[in-house]
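This report refers to the structure that appears directly beneath it.
Computed from the coordinates by the stated procedures, all read-outs in this text should not be read as laboratory data. Quick caveat: nothing in here was measured; it's all calculated off a predicted structure. Note: ideal-geometry Cβ built from the backbone for every residue, glycine included; neighbour counts use all protein chains shown.
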Amino acid sequence: MISIGVTETLIVASIGIRYWGRYTRGEKAFVGLMAYDTAAIVIGAFLAYYYHNNIIMAHIYNIVAVGLLSVFFQKYLTDKMANKILFWFPFVYAVVSVSMIVGVTGIFNNSPFGEGILSLFVIVFGTIALSEIVTDHDNYFRNGNFWIIVGLLFFYLINMGYLTMSYWLIKTDSELTMKFYAVLKYSNHIALTLYAVGLWLLGKERAVPLKTSEETSNE
């Protein structure tokens, strides 16, 4: 299944790279997250094979995801206070997350703090962004960001419980853990498909690359 995961994320990242010049700053941040995800899967597979533990890649992913998704969500928040929260939150999250991992759960264990807060972060700001798109666009189904955000919300709404509780589930109920992991795996396939559709629509709807001034106005 590792090869399938690499292929899917690589396709999404490749679409993003193909239309890189047509994306805004926030959309480029999302493409960057997909590119990192692809590399993390490969490195994680190496660590799992040789060292039998790749949880550290999940810890790094959570921190990177909060940082890049903060940039992605910024253009949907016009309130100055909300933008300040999005600016500072990744730094606070990184410090607290590292402290929890080192001092409480350990580097080689899942972190309920990291997974749970990331999920809540995406659900809250994703809902705000989605409501902005639906309100401001008559035909939002043709808006690529709509499908990207739907993919994010779909994945984290379904898997928030498991991501938050996996630290304890793995230690107490391996059978239930595998069932939840199966849901996570297949919902990730669907989310990646939605990301690919979104990035493709964004690239196709902009016939020419964005200029610097145009990119600024789109943010």
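Would you work out the charge dipole size for the chain about its Cα centre, treating the Cβ of every Lys and Arg as +1 and the Cβ of every Asp and Glu as -1, and quote it to the nearest 20 debye? Please report the intermediate quantities before stating the final value.
On the way: 14 positive and 14 negative charges, 59 e Å.
The calculation lands at about 280 debye.
Step by step: find N for the chain, compute 2.2 N^0.38 Å, then divide the Cα radius of gyration by it. What's the final number?
Output field value: 1.03.
Taking H placed 1.01 Å from N in the peptide plane, check which residues at least 5 places from residue 53 or on another chain put their amide H under 5 Å from its amide H.
Amide H neighbours of residue 53, under 5 Å, 5+ apart: 48.
So, in the chain, how many Lys pairs have Cα atoms under 16 Å apart, if the pair is 8 or more places apart or on different chains?
Working: 28/75; 28/204; 28/211; 75/84; 171/179.
So the count works out to 5.
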